[in-house]
1. Could you check which residue among Leu107, Leu169, Leu315 shows the biggest mean-square fluctuation in a GNM of the chain with a 10 Å Cα cutoff?
2. How far is helix 31-42 tilted, in degrees, relative to the longest principal axis of the Cα atoms in the chain, given as a value from 0 to 90 rounded to the nearest 10?
3. Looking at the chain as a GNM with Cα springs under 10 Å, which of Arg177, Arg20, Arg41 has the largest mean-square fluctuation?
4. Projected onto the charge dipole of the chain (+1 at Lys/Arg Cβ, -1 at Asp/Glu Cβ, origin at the Cα centre), which of Ile215, Ala125, Ala60 gives the Cα projection farthest towards the positive end?
5. Expressed in nm to one decimal, what extension gain is obtained for the pair Arg41 and Asp338 from 0.36 nm per residue of sequence separation less their Cα-Cα distance?
6. Given charges of +1 on the Cβ of Lys and Arg and -1 on the Cβ of Asp and Glu, with all other atoms neutral, how large is the dipole of region 251-330 about its Cα centre, in debye to the nearest 20?
7. Local charge sum around Gly145 (other residues, Cβ-Cβ under 12 Å, Lys/Arg +1, Asp/Glu -1)?
8. How fast does region 194-268 diffuse by Stokes-Einstein, in µm²/s, taking the Kirkwood radius from C-alpha pairs at 37 °C and 0.692 mPa s?
Amino acid sequence: MRILHAPDSVLHDPSNYVRRGETVPHPEKAARYHLLLDAARNAGHAVERAGDHGIEPIAAVHTQGHIEFFRTAWSRRDEWPTKSDEIFTGHFARPQMHRRPEGFLGLVGYHTADTSTPIRAGTWAAIYGSAQAAISAADAALADGRAYALCRPPGHHAYAESAGGFCYLNNAAIAARRLQSKRGGKIAIVDIDVHHGNGTQGIFYEDPTVLTISIHADTSNYFPFYSGYADETGTGAGSGFNLNLPLQHGLGDGPFVAAIEQAMARVAAYEPNALVVALGLDASEHDPIGALRVTTQGFADAARTIARGKLPTVLVQEGGYLSDVLATNLTQFLAAFDAAA
Ligand SMILES: [Zn+2]
């Protein structure tokens, strides 16, 4: 498996955020990058530094305002009332009062959905690099059938003009548009992160040319709360092209893999030209913020189920936080995928 990564990923290392009512250490640490990269390298995969494909593939997903905001935000820190190594707000734009303000203070809350996506000196370099890893992996998958993008920060909670849930740029969506620009036709995205891929759903909600499917822990009392329900099926021309498969909290391998089988049956019926897997590993039984109980064997079974789809496939790293089994879950997923592809 070709592994695409961006060393700039480590330039973003957030400190704290508000989770379930309390301020806690941020789990989306730069250390994840080293752990996942070392695991892939030690397992014998071909590790490659991502190329720089410019801003255009990112602009195929995100608004110009969103991109420019994050590209320039740290240089505007003098407009922020306090001096800190991290900018984040408690004011957030709501759908019913959407006006993009001019002032920096309001813009931070317009382009973020929660406290988990602070802006630091290295944030833009890190999220740009993470997106480039996804783009490079899309190209690699078209050339060689499959590739893994070590994206950090992750992306699937990011909408076209809103960061949130540790995510700034939607790497899986960017990979999907890249595949579409090169190969044409329809693309499918299957998201197996324990959290609903709300940003990805939002980006393609009216688009019948990208099928979005998310398997995740039920969101009625779990992030991202406001989406992820089974009755969200797309709108307009996109009606029928979004599938949510929420799982009851605490379930293990059987229901998780069964949901992925259901997803892959839908993918097969859709007949896409390529597949993006939003590969969160936080459904693990040992994940510090997960809500399911998937074992290493369960991830390997998931990989085999997806690989049997026989599509050019980009595996895009999403969540999955530091635990004793994170590295093993990645390497076993990749090994099982390679063996079944
Ligand atoms: Zn997650």
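Computed from the coordinates by the stated procedures, all read-outs in this text should not be read as laboratory data. Everything numeric in this text was worked out from a predicted model, so none of it was measured. Cβ: placed from backbone, ideal geometry, glycine included. Neighbour counts: every protein chain shown.
1. Taking springs between Cα atoms under 10 Å, the residue moving most is Leu107.
2. With both axes taken from Cα atoms, the answer is about 30 degrees.
3. Answer for the Gaussian network model of the chain: Arg20.
4. Ala60
5. Details: separation 297, 0.36 × 297 = 106.92 nm, distance 1.48 nm.
Full-extension gain reported as 105.4 nm.
6. For region 251-330, the charge dipole is close to 320 debye.
7. Overall, the nearby charge balance is +1.
8. For the chosen part, D equals 264 µm²/s.
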